[in-house]
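Below is one structure, written out as structure tokens, with a few remarks after it.
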């Protein structure tokens, strides 16, 4: 549950949202500073700020936290099963292991829409460079773009 979008909010509630993803729930037994809320890490164990668009930009003012949601997902990201090889087009085509990646464009061949791929459902962690295949086609994801699109076999 996100930080409320209006009304009174507390540093404790924001800390609970940051640490547990639920405003108003969870034990916080350490001093709360705005610096730690914004920067995470340290002895408090706050994760990184959610990179997805938020209603406001968290800041050193309380009003910057209205509507902040630590667990919000970015846009709509669809799962796609792909084979992967860091070095070989052939291995990507014939591998029996499939991995779940995510794309904003949907479909089983993200290179057809020139869509980037990610390792997380929030579409925030770019997938590693290398060869990807859906078993019929193979393409190389390199330098944040698709190159060398070909058929398997």
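FYI, it's all coordinate maths here, none of it is from the lab. A quick note: this is a predicted structure, and the numbers were derived from the prediction, not measured. Note that each Cβ is placed from the backbone with ideal geometry, even for glycine, and that neighbours are counted across all protein chains shown.
Key figures
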| item | result |
| --- | --- |
| Sites residue 69 and residue 150 - FRET efficiency at Förster radius 35 Å, r taken between beta-carbons, to 0.05 | 0.25 |
| CD proxy at 222 nm, helix term only [per DSSP H run n ≥ 4: -39500 (n - 2.57); per residue of the chain; nearest 500] | -3500 deg cm²/dmol |
| Extended-chain gain in nm, criterion 0.36 nm per residue less alpha-carbon gap, residue 86 and residue 11 | 22.5 nm |
| Packing rank of 128-138, 112-122, 9-19, where each peptide gets the mean count of other beta carbons within 10 Å, highest leading | 9-19, 128-138, 112-122 |
| Rotationally averaged projected area of the stretch 11-65 (alpha carbon convex hull; nm²) | 3.5 nm² |
| Correct choice for mean projected area of the Cα convex hull in nm² that was computed from the model, options [x] 10.8; [y] 11.9; [z] 8.7 | [x] |
